Amino acid sequence: MSGSVTIGEAARLTGVSAKMIRYYESIGLLRAATRSEAGYRHYGEADLHTLRFVRRARDLGFGMEDISGLLALWQDKGRASAQVKAIALGHVATLDRRIAELEAMSRTLKRLAQTCCGNNRPDCPILDDLAGAPASPAKAKRGR
């Protein structure tokens, strides 16, 4: 592709909404777009490549801070890959913790659902548990 594209076309080509493109620009994740005489934003191939990078990082669940760091490393040709690997492995550890928490929640809900008759009677062990449950999943995990 040669030249530049409008924000709508950039959104279509990268899978990043126009709203998010403006947001990424506002926080400095994406350089400020060039503007036409009428004030319309225009993006070049490098901008689209950056947007695809950010989109893929978001798809992998990276937070904005990590994406910013990864983007800086990606743009730094003298980077050490060890830095990139450390960020990726840190994210893996976060994902593993979240998965363990979700699995614990799933086990708890399955156990509660098994104790519920699911009939027309008003008594419900699920609601009873919710009414007496600790304030956070972390507390629930420690208490069980």
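Among all helices in the chain defined by DSSP H, which have a length of 20 Å or more along the axis from Cα atoms plus a Kyte-Doolittle mean of at least -1.0?
Those that clear 20 Å and a mean of -1.0 are 45-59, 81-115.
Determine the dipole magnitude for segment 7-144: charges of +1 sit on the beta-carbon of Lys and Arg, -1 on that of Asp and Glu, nothing else is charged, the reference point is the Cα centre, and the result goes in debye to the nearest 20.
The calculation lands at about 260 debye.
How big is D for the chain, in µm² s⁻¹ as a whole number, if Stokes-Einstein is applied with the Kirkwood radius of its Cα pairs at 37 °C and 0.692 mPa s?
Rounded, D is 172 µm²/s.
Relative to the Cα centre, what is the charge dipole magnitude of segment 1-60, using +1 at the beta carbon of each Lys and Arg, -1 at the beta carbon of each Asp and Glu, and rounding to the nearest 20 debye?
Approximately 220 debye in magnitude.
Need one number: nm distance between label points at ARG12 and THR115, each 7 Å from Cα along Cα→Cβ, rounded to one decimal.
Modelled inter-label distance: 5.6 nm.
Which one of THR115, THR34, THR50 has the biggest mean-square fluctuation once the chain is modelled by GNM with Cα springs under 10 Å?
The residue with the greatest mean-square fluctuation here is THR115.
For the chain, build the charge dipole from Cβ charges (+1 Lys, Arg; -1 Asp, Glu) around the Cα centre, then report which of MET64, THR115, LEU127 sits farthest towards its positive end.
Toward the positive end, the furthest listed residue is THR115.
Every number in this text was worked out from the coordinates using simple rules, so none of it is lab data. The shown structure was predicted, so the numbers you read here are calculated from the model rather than taken from an experiment. FYI the Cβ positions are ideal-geometry reconstructions off the backbone, even for glycines, and counts take in every protein chain you see.
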